[in-house]
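The values are calculated or read from the model by the stated rules, or taken from the named source; none is laboratory data. What you see is a predicted model; the values in this text were computed from it and never measured. Reconstructed Cβ throughout: ideal geometry from the backbone, glycine too, with neighbour counts over all protein chains shown. Just the protein is used for accessible areas: all its heavy atoms, side chains included, with ligands, DNA and RNA removed. Shrake-Rupley method; radii C 1.70, N 1.55, O 1.52, S 1.80 Å.
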Amino acid sequence: MKTILAKADEASVKKAAGLLQAGEIVAIPTETVYGIAASAFNGAAVKKIFEAKGRPQDNPLIVHIDRLEMLEGLVSGVPQGARALAEAFWPGPLTIIMPRGPKVADEVCAGLDTVAIRMPSHPVARAVIAASGLPLAAPSANRSGGPSPTIAQDVMADMDGRLPLILDGGACGVGVESTVVTLAGEQPVLLRPGFVTKEQLEGVLGSEVLLAGAVLHKLKEGEAARSPGMKYKHYAPKAHVTILRGDFAAYCKYVCGHAGPGVWALCFDGEGGQLPVPSVCYGAKEDDAAQARELFSALRRLDEKGAQRVYARCPHVGGVGLAVYNRLVRAAAFEVVEL
Ligand code: TXA
Ligand code: MG
């Protein structure tokens, strides 16, 4: 299959909408990361997403809508807290798990009785939903297991020949996938941290939001994942990544002791010059939003440069930094050295 990379404009958005209506899949930009979209009503189309990504069938997808009326038939009810969260954070990088409605294709929910819903704020994502008139099931547009793409060229690198069209809407502003929260249980649970923080959710809900165990730790053998996506190896570049937790002086000392061919540093802006190995940086030390925006791209650049062993600076684990750490610790297969 020939894959066309097209600048997102009126004509290409119209073309994308036509493909989606015809049961095809299309890569689109969102404010978080690029996604591969298909009609959430069309099981055969959704199957093509799983094939293109090489994604396990039991990992459900997020359905993207552009207005609340689209919830009709997608969900069987909107929990009270969900309404407050939607009002506060939609359109934007928050996904809410809701009871599943009858119109969602089985393939979207992977057998669960819930469905993940999000209303993106990116103008191109919204234009494609509006032009197609369809709710769009869309996971991140990477090959399963790799870092999510935040520019169209990274989608092309993973998906060339696997789908007909990629819409180029420039670099994604958020850079990590949406926050995922479930209100299905007795207490709200944060399943995946993102740009909308735990503290912000608690502020709107007026109650504590629990952190699912798998956000910070590896699932133990036999432990059930609250969100199926958490049991898979994720966001991993080809290089072997280790997080070093400690101050910059201790980091420098450790990296000096481990320098050698193929060794790279993943550090904060301005730090590279003081290191004995080449480096890629991912935002300023105090700027967790910049770290979120740059992390996945930095991991991909390290692979392109042929890095074999990467020592990563540890972000501050709070606020948006919780999302940064959650992705980085998976890229590192949970290998963290305390300095
Ligand atoms: O920002 C995003 O959310 C991006 C863009 C494209 O919108 N999409 C995205 O999708 O990250 P994906 O498929 O890569 O991640 C979806 C996550 C997975 O961890 C999945 O297990 C979880 O959401 N999920 C989906 N449906 C669920 C459900 N019904 N219950 C619990 N977790 C669910
Ligand atoms: Mg993903």
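Accessible area per residue was computed with a 1.4 Å probe on protein heavy atoms; residue 55 scores about 40 Å². May I ask for the percentage of alpha-carbon pairs in region 120-190 that lie more than 21 Å from each other? In whole percent, the share of Cα-Cα pairs in region 120-190 beyond 21 Å is 38. If you take all other residues with their beta carbon under 10 Å from the beta carbon of residue 129, and give Lys and Arg +1 and Asp and Glu -1, the sum is +1. In this structure the amide hydrogen of residue 37, modeled in the peptide plane, comes within under 5 Å of the amide hydrogens of 26, 27, 28, none closer than 5 places in sequence on its chain.
Surface listing: 156, 119, 1 arranged by accessible area from highest to lowest gives 1, 156, 119, probe 1.4 Å.
Given the DSSP H assignment, sum -39500 (n - 2.57) over each helix run of at least 4 residues in the chain and divide by its residue total; what's the result at 222 nm in deg cm²/dmol, nearest 500?
Counting only the DSSP helices, I get -9000 deg cm²/dmol.
Charges were assigned to the Cβ only: +1 to each Lys and Arg, -1 to each Asp and Glu. The resulting dipole of the chain about its Cα centre is roughly 760 debye.
The slack in the chain from residue 113 to residue 6, taken as 0.36 nm per residue of separation less the alpha-carbon distance, amounts to 34.8 nm.
Counting only Cα atoms, the size of region 1-88 along its three principal axes is 46, 33, 23 Å, in decreasing order. For the pair residue 80 and residue 334, label points projected 7 Å from Cα toward Cβ lie 3.7 nm apart. Percent of Cα pairs in the chain per distance bin of 10 Å, from zero to the largest separation: 6, 27, 34, 23, 9, 2. For region 258-318, the alpha-carbon coordinates run over 33, 22, 18 Å along the three principal axes, in decreasing order.
Net charge in the neighbourhood of residue 66 (other residues with Cβ under 11 Å of its Cβ; Lys, Arg +1, Asp, Glu -1) is +2.
Dipole orientation for the chain: of the candidates 243, 204, 96, 243 has the Cα lying most toward the positive pole (charges on Cβ; Lys, Arg +1; Asp, Glu -1). For residue 217, the solvent-accessible surface with a 1.4 Å probe is about 120 Å², rounded to the nearest 10.
Each label point was placed 7 Å from the Cα along the Cα-to-Cβ direction; for residue 186 and residue 202 their separation is 1.9 nm.
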